[in-house]
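Where a number appears in this text, it was derived from the coordinates with a stated rule and is not lab data. Predicted model only: the values in this text are computed from it and were never measured. Quick reminder, even Gly has a Cβ in these numbers, built from the backbone with ideal geometry, and neighbours come from all protein chains shown.
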Amino acid sequence: TIAIGHLQPDTGASSHIALPLTAIENIDLNCLELFHSLESSAVTEFAHKTTGRENQRAIIISVGPNAARTLDQSVTEMTELAEAAKITVVDSFTQQRKLNPHMAIGSGKLKEIIISSMEQDVDLLIFDHDLSPTQVNNLSRQTDLKVIDRTLLILDIFARRALSREGKLKVELAQLKYRLPRISDKTTALSRLTGGIGSRGPGETTLEIDRRRIRERISKLEKKLQKMARSRTNARKKRKRNQLPLVSIVGYTNAGKSTLLNIMTRSKVFTENLPFATLDPTSRRLRLPQEQEIIITDTVGFIKKLPKDLLDAFRTTLEELREADLLLHVVDSSNSEVKEQIETVEEILRELDLDHIPILTVANKIDLVSPEIVRWLTKHYRAIPISARRAETLPPLLESIRKTLRFKPLSQNFSHSQGHSHPGPDQDKPESQKADQQKSVSPI
């Protein structure tokens, strides 16, 4: 006897159909007719299910020579990014190998992905690394699905989140720089020529026109952004004349930076438990006791493998951090990859030549973790434990800011929630002990 089965186009029921066991000599099956029928049903069913769908369905794929745990971490982060882009992740695949220059992934694993995409009505594949135009074209041809890489996904999130005119221009600039090297004769109708009667030569191809227009648009955007950057420079000079210290909040995306800004300044900056809820820098004036004032600024979050085009586009914004007198590095204590996230932020700060600025590490979300994790962060990173949703946890942080900026001591009855004061942690200690404690606040 022989067992015969096939995939079921209608995934609402069982994914497979097994035909009855049949003696091989009694098989009466028109294979070509069955194949044509299944293909027709699959196309009809797929079109029916994807029409009018609000959220796209995706498979996340992570490939590389890294350890399996590292690849799994990448999948988890990519899933969060996909959710921020309103994409439903239905499956994920990892493969420990060097990237295939033609297809990015091995042929066997690709077959598994194709089967999974058919079973789960997938619209697109998302890879956790940059893909070349050749890889994208080959994967799209093999899978008949839209294929995007990590950079394109993050660019899409930034485009959704940008609110200010400057933020939108920066995202557009990054998108154009990403798109320019990926325009090829495979994606543009080269047979169409412009020029016409009275022009010299055959004119430009559509490919050449697209590239020229993108370069022109990039040039215009860069000039506009340079003008905006000069305006910000003037504002910084004015702030310096007012001698107001500047404290900038930095950290991994979704660490709670905007929530901290809100509770410290009683503001209502938009917050959401998704990556890159904040793109545009937000500055607020914070009045400390005894008429002490600082400017505190929230900035765009960092992420590992931050796309170069995005980093370049937002470099002028990030370089404003150079003017900061103090950086608050906010850490998500509840994230299982907190150590890797801290290292990523430190690496980006070094890349931007900002690691010379005094920095306080702030362990946020301590209400979501065990005391052991809080002690570990305090011991290894000299972190100040807080919960940005609980004002009563903030006085030690405010005291550390005061000490680092060399303000006068806080008055005796300060309470953050009421604007009064209560004793600081070193209020009654000898000057020698205070000096020793201040030395503990140092750059990373």
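Points worth noting:
- Between the amide H of residue 326 and those of 246, 248, distances stay under 5 Å, these residues lying 5 or more places away or on another chain, with hydrogens modeled in the peptide plane.
- Out-of-range pairs (alpha-carbon distance over 24 Å; input 170/305; 98/177; 379/403; 98/170): 98/177; 98/170
- Packing rank of 123-135, 389-401, 368-380, 294-306, where each peptide gets the mean count of other beta carbons within 10 Å, highest leading: 294-306, 123-135, 389-401, 368-380
- Highest mean packing first, where packing is the average number of other Cβ atoms within 10 Å per residue, the peptides 94-102, 346-354, 248-256, 149-157 line up as 248-256, 149-157, 346-354, 94-102.
- The stretch 63-164 - percent relative contact order, Cα under 8 Å, separation 6 or more: 29 percent
- Among 213-221, 355-363, the order from most to least packed when residues are scored by Cβ within 10 Å on average: 355-363, 213-221
- For the stretch 139-153, putting each phi into the Karplus relation 6.51 cos²θ - 1.76 cosθ + 1.60 with θ = phi - 60° gives couplings of 5, 4, 5, 6, 9, 6, 10, 6, 10, 10, 10, 4, 4, 5, 5 Hz, in residue order, rounded to whole numbers and with x for Gly and Pro.
- A simple rule links phi to the HN-Hα coupling: the Karplus curve 6.51 cos²θ - 1.76 cosθ + 1.60 with θ = phi - 60°, which for the stretch 118-132 gives 5, 5, 10, 6, 7, 9, 8, 10, 10, 9, 8, 6, 6, 10, 7 Hz, with x for Gly and Pro.
- Order of 111, 257 - criterion: other Cβ atoms within 10 Å of each residue's Cβ, fewest first: 111, 257
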